[in-house]
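Colleague: Below are the structure tokens for one structure; questions will follow.
The values are calculated or read from the model by the stated rules, or taken from the named source; none is laboratory data. Bear in mind that the values here come from a model prediction, so they are computed numbers and not experimental data. As a convention, Cβ positions derive from the backbone with ideal geometry for all residues, glycine included, and neighbour counts pool all protein chains shown.
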Amino acid sequence: MPAGKLSRFNEGLHFVTTKTYRNHTYFADTRCCEILIEQLDYYRGRYGFKISGYVIMPDHLHVLLWWETDEKPDLTISKIMQGIKSIVAKRIIQYVKIGESTCSRLSDDWYHENPHKRMGQEHTPPSVRIWQPSFYDYIVLSQEKFVEKLSYMHNNPVNAGLVSEAELWKFSSCAWYTKRKEYVLEMDGNI
């Protein structure tokens, strides 16, 4: 686990949770996870925030992020999440429409109502929703809470029965912190 003190930032570290629409398991599909990772990294560069931890679960995302508010006084957690969620939704919908998705619960309601349809370019529902419209934001103000939230995130796949050890979950910052396996998204160092 990370050592040291929390960096100086006025608003604290944001522990953000956002869920998929109706708990659809879009992120059971590796490509959907890769799209989310690409956009987390892109918006980190574009907006200048730091990522201190994350985990992508089949139906939700947890991320720990922060920025220097003195340097970026107009940046808000809402702006960050709106940017990430918007482009991720567009890219996943595009991916689904080309018929390559293996998302296990993609648009269940639409397909149930239209059993003669199948997944593919012509038969994708006209308005697939990827995310619930809101997100949960908890401000972390101490090293103790940071370690607690990071541990919670890293153990989420184990507690859900998806892996036996946290380091085995590919789409998590756990591998970056433990250095036991290759990681897919670099963190911005110990805070």
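Colleague: For region 157-175, enumerate the residues that are of a type in the set (A, V, I, L, M, F, W, C), assigned to a helix (DSSP H, G or I) and either surrounded by fewer than 18 Cβ atoms within 10 Å (Cβ to Cβ) or at positive phi (or both).
Modeller: Val158, Leu168
Colleague: Which residue pairs have Cβ atoms under 6 Å apart, sit 6 or more places apart or on different chains, and have a first residue in region 37-51 that is farther than 19 Å from Glu71 by Cβ and a second that is part of a helix (DSSP H, G or I)?
Modeller: These pairs meet every condition: Gln39/Ile84; Gln39/Ile87; Gln39/Val88.
Colleague: What are the residues in region 176-185 that are free of Cβ contacts under 8 Å to residues at least 12 places away in the same chain and part of a loop (DSSP other than H, G, I, E, B), if any?
Modeller: Within region 176-185, Lys179, Glu182, Tyr183 meet the criteria.
Colleague: Could you check region 13-71 for strands (runs of 3 or more DSSP E) lying wholly inside it with 3 or more residues that are acidic (Asp, Glu) and at positive phi?
Modeller: none
Colleague: Follow-up question, since we're still on this one. Mind checking whether some residue in region 107-116 is modelled with pLDDT under 85, farther than 18 Å from His14 by Cα, touching a helix residue (DSSP H, G or I) at 6+ places or on another chain (Cβ under 9 Å) and surrounded by fewer than 19 Cβ atoms within 10 Å (Cβ to Cβ)?
Modeller: Among the residues of region 107-116, at least one is modelled with pLDDT under 85, farther than 18 Å from His14 by Cα, touching a helix residue (DSSP H, G or I) at 6+ places or on another chain (Cβ under 9 Å) and surrounded by fewer than 19 Cβ atoms within 10 Å (Cβ to Cβ), which makes the answer yes.
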